[in-house]
1. Need one number: nm distance between label points at B:Val21 and A:Glu249, each 7 Å from Cα along Cα→Cβ, rounded to one decimal.
2. Measuring with a 1.4 Å probe in the full set of protein chains, what accessible area per residue, in whole Å², belongs to the range A:1-95?
3. Need the C-alpha centroid separation for the range B:96-144 versus the range A:1-46, integer Å.
4. Counting only the backbone N, which residues of the range A:105-124 are under 19 Å from the spot 7 Å out from the Cα of A:Ala185 toward its beta-carbon?
5. Compute from the Cα atoms of the range A:159-261 the Rg and the Dmax, the latter being the longest Cα-Cα distance, and quote both in angstrom.
6. With the crude spin-label approximation of a point 7 Å out along Cα→Cβ, what separation in nm comes out for B:Phe79 versus B:Phe5?
7. Considering protein heavy atoms only and a 1.4 Å probe radius, which residues within the range A:37-86 exhibit an accessible-area decrease of no less than 40 Å² in the full assembly relative to the chain by itself?
8. Please label the shape of chain A as rounded, prolate or oblate, based on the square roots a ≥ b ≥ c of the eigenvalues of the alpha-carbon gyration tensor (a/c under 1.5 means rounded; beyond that, a/b larger than b/c means prolate, else oblate).
Amino acid sequence: MPVLEVSHIEKHFGATRVLEDISFTLEEGQALAIIGSSGSGKTTLLRCLNFLERPDQGTIRVRGETLFDAADPATQRESEVRKKRLHFGMVFQSFNLFPQYTARKNITLASELLAQERPDFKRDKRRILEEIGDNACRLLDQMGLADRADHYPHQLSGGQQQRVAIARALALKPDILCFDEPTSALDPELTGEVLKVIRTLAEQNTTMVIVTHEMAFARDVADQVMFMDGGVIVEQGDPTQVIEHPREERTRQFLSRYAEN
Amino acid sequence: MQAVFLRLTEAFLVNNVRLFVLTLVFAIPLGLLISMGSMSRVKPLAWLIKTFVWIIRGTPLMLQILIIYFGPGLMEMAFHWPRGSAGRMVAAVVAFALNYACYFSEIYRGGIQGIPPGQKEAGEVLGMTRGQIFFKVTLLQLVKRILPPMGNEIITLVKDTALANYISVIDVIMTAKEYTSAGLIWPLFATAIYFLAFVGILTLLFGWAEKKLSYFK
């Protein structure tokens, strides 16, 4: 059974149709790369998965559980949406770290707030907070940032900030980790360190959806590549096939334009 | 001379400082409510609040003080202010709090809208509630942003407290003015010392707070 099943998602902004009949599945441990020009709807799709946008039609299922069904308002209640979001992690293009907290606190904050809702929190407060702290240390270490734990975001480079953001998303142990052009806001010399981290996550079989403009990276790291244009999925399949031998004319045009730049 | 200073100090503390403190106590939270209302998605509410802010910011505080104090009596309303100086102080606090809340609300609105939407979204995808996002993510960034303009308004408030004279809240300036009939001018100059000292303390306080929050950007 696939981890993620997206069926017939549609989204309009006013009269503009941004997503049209989007359906796909993702298997456990696989990485899906979404490519396409700006305005193709790929970021909106990612935002729909994270409930930052509400699709007008369609369903989103994770591990067989229907998280969102446009036809069923019961699945869209604020209180439930909050919990359902936790199936997904999100790494933003512009990092969106909380500037007033250290790298470590950025990672632990959400876990600490969620822990307060646990019935055993009062009794086991110290142990629980310690676990959350240890987890953050482990993640920082994994990101190669163990020595940056007490730095504030503005004291970190863009690449370091994005790695903290990845750790922050991983801290809540999401089923599916989403990346929205994670290197687009970075200076070219800093993209490598972020891509390396994502590559390692892929090797560890983290289930991921990655919106990216890095074609070589998509080809090497993803298990599947999806090309979107004008709000529809034009082509989807094996990375080498889609990127090196695209079947569709539109994909070919996009890739050749991309190669020119 | 000592007696004069004693009277001036008493007038400053009992009237100017009290009015200042009470205005802030009410205007700071009220301003937040007004700014929320002016940003409401319920359009008629936002429109109503914006009109109210326009009226309050568009007319002199002096006029508002007079209308709020004399209005209920002259319009023969069932409501009236308590008698004596206590009633005048209450009316002044109401007028000042409403006026300053409107100015604060615009400062808050600018501050809230200046925080990148990505901050709220980051909180949302991490499963935070609206309250948690406001208190744990937005609030401190908001405070940092609004501190300089708030400092400005609050310094203006110190001096505006003298306007309560119009409804006979006998502040430090009015007290000093009584001595002019006795041919004394220095008490008027002396009142300036009170304002300068108070504003000086506030300036230091705001400078300290800004420095405290300079650890993040």
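The values are calculated or read from the model by the stated rules, or taken from the named source; none is laboratory data. This one's a predicted model, so the numbers in the text were calculated from it and none came from an experiment. Here Cβ is always computed from backbone atoms with ideal geometry, including for glycine, and neighbour counts include all displayed protein chains. Ligands, DNA and RNA are excluded from the accessible area calculation, which covers all protein heavy atoms including side chains. Shrake-Rupley method; radii C 1.70, N 1.55, O 1.52, S 1.80 Å.
1. With each label placed 7 Å out from Cα toward Cβ, I get 7.9 nm.
2. Accessible area per residue: 42 Å².
3. 31
4. A:105-110
5. Both quantities, over Cα of the range A:159-261: 14.3, 41 Å.
6. 4.3
7. By number: A:Leu52, A:Arg82, A:Arg85.
8. It comes out oblate by the Cα gyration axes.
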